[in-house]
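Student: One structure is given below, represented as structure tokens, and several questions about it will come after.
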Amino acid sequence: MKYLIVSDIHSNREALSAVLSFVKRKPWDKAVFLGDLVGYGANPNQTVDMLRSLKPLVAIRGNHDKVCSGLEDGELFNRMALEAAMWTRRKLTRTNLKWLRALPEGPAVVDGAFAISHGTPIDEDAYIFGEIEALNVFRQTSFPVCFFGHSHFPVIFALSPDAITTILSVVPLFLLKLKPGVRYLINPGSVGQPRDGNPLCSFAIYDSESRTVSIHRQSYPLRRTQEKILKAGLPRPLADRLALGR
Ligand SMILES: [Fe+2]
């Protein structure tokens, strides 16, 4: 089975659209979403509609989905994130608000093949930035393979019996065959707001039969996306950061 794994789309319709155009040329079977569908970008409803039309096998919520849909008040958000979340809450249709509110909390197990979480499988709002956080997650869980999001940074942590290693993908198409006896925490990166210094949108395909993960980077109409953010009256840095990939 080939799973299309997308995370942190953040109302970026152009980026999700580019991912879908790209994967039209690649065979995949089921879509899986790791949270943060909305917040920051200018097209929350179109993005929700687009993801829903994919009929994802499993979709879980992210911290922005909770605040934008009114489940949480966003007291931990910075000023810009909160302003964008309140704007998004006002723009979302009743149907889409309801759909976002109903997204389940992670972790979730997909087809018995792998787990997914937004932040970590222990705390949906916590980040995995480096090996110390990854090691703590490995020690407190038993998933052989878990895909996570939230940091907007494509990275793979691998735990073998004697060491933990970090694998950073730095090419537009990165391929990794998972090894037996090694556990993995894998971030496919962010579709709508990458933060690894590379503005190309990021997503993964996992082939559970060959146990191969590919992380893809894809361009999208960046200028148009930025113009929409500014036209919507959202904070300018939310548009600027897309070009910087951070
Ligand atoms: Fe996010």
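The values are calculated or read from the model by the stated rules, or taken from the named source; none is laboratory data. Predicted, not measured: the structure shown is a model, and the values here were computed from it. Heads up, the Cβs are rebuilt from the backbone with ideal geometry, glycines too, and the neighbour counts pull from every protein chain shown.
Student: Any chance you could count how many residues in segment 126-157 are among the polar types (S, T, N, Q) and within 8 Å of residue 187 (Cβ to Cβ)?
Tutor: Total meeting the criteria: 1.
Student: Among the residues of segment 72-90, which ones are surrounded by 15 or more Cβ atoms within 10 Å (Cβ to Cβ) and either in contact with a Lys or Arg (Cβ under 6 Å, 6 or more places away or on another chain) or part of a loop (DSSP other than H, G, I, E, B) (or both)?
Tutor: Scanning segment 72-90 gives 72, 74, 77.
Student: Have a look at 55, 98 and point out the one that is farther than 20 Å from residue 193 by Cα, assigned to a loop (DSSP other than H, G, I, E, B) and away from the ligand (no atom under 16 Å from the Cβ).
Tutor: Testing whether each residue is farther than 20 Å from residue 193 by Cα, assigned to a loop (DSSP other than H, G, I, E, B) and away from the ligand (no atom under 16 Å from the Cβ) leaves just 55.
Student: Moving on to the next point. Would you confirm whether any residue within segment 40-57 is touching a strand residue (DSSP E or B) at 6+ places or on another chain (Cβ under 8 Å), surrounded by fewer than 17 Cβ atoms within 10 Å (Cβ to Cβ) and among the basic types (Lys, Arg)?
Tutor: yes
Student: Considering only residues that are crowded, with 24+ Cβ neighbours inside 10 Å, among the hydroxyl-bearing types (Ser, Thr, Tyr) and either assigned to a strand (DSSP E or B) or within 16 Å of the ligand (Cβ to nearest atom) (or both), which ones fall in segment 165-213?
Tutor: 190, 202, 206
Student: Next question, about the same structure. Here are the criteria: (1) among the hydroxyl-bearing types (Ser, Thr, Tyr); (2) within 16 Å of the ligand (Cβ to nearest atom); (3) surrounded by fewer than 24 Cβ atoms within 10 Å (Cβ to Cβ). Tell me which single one residue 93 does not satisfy.
Tutor: Here residue 93 meets the rest and fails (2).
Student: I'd like to verify a number: residues in segment 116-166 that are within 14 Å of residue 202 (Cβ to Cβ) and without any contact (Cβ under 8 Å) to a residue 60 or more places away in the chain, how many?
Tutor: 4
Student: While we're here: Considering only segment 131-164, how many residues are within 16 Å of the ligand (Cβ to nearest atom), assigned to a strand (DSSP E or B) and farther than 22 Å from residue 111 by Cβ?
Tutor: Qualifying residue count, segment 131-164: 1.
Student: Within segment 14-31, can one find any residue that is assigned to a loop (DSSP other than H, G, I, E, B), in contact (Cβ under 8 Å) with a residue 60 or more places away in the chain and within 16 Å of the ligand (Cβ to nearest atom)?
Tutor: no
Student: While we're here: For residue 9, state whether it is part of a strand (DSSP E or B), crowded, with 16+ Cβ neighbours inside 10 Å, within 16 Å of the ligand (Cβ to nearest atom) and touching a residue at least 60 places away in the same chain (Cβ under 8 Å).
Tutor: no
Student: Has segment 32-51 got at least one residue that is free of Cβ contacts under 8 Å to residues at least 12 places away in the same chain and either aliphatic (A, V, I, L, M) or out of contact with any Ser or Thr (no Cβ under 8 Å at 6 or more places or on another chain) (or both)?
Tutor: No, segment 32-51 contains no residue that is free of Cβ contacts under 8 Å to residues at least 12 places away in the same chain and either aliphatic (A, V, I, L, M) or out of contact with any Ser or Thr (no Cβ under 8 Å at 6 or more places or on another chain) (or both).
Student: Residue 118 versus (1) modelled with pLDDT of 95 or more; (2) more than 16 Å from the ligand (Cβ to nearest atom): which is the lone unmet condition?
Tutor: Residue 118 satisfies every listed condition except (2).
Student: Give the residues of segment 58-68 that are within 16 Å of the ligand (Cβ to nearest atom) and outside any helix (DSSP H, G or I), sorted by residue number.
Tutor: 59, 60, 61, 62
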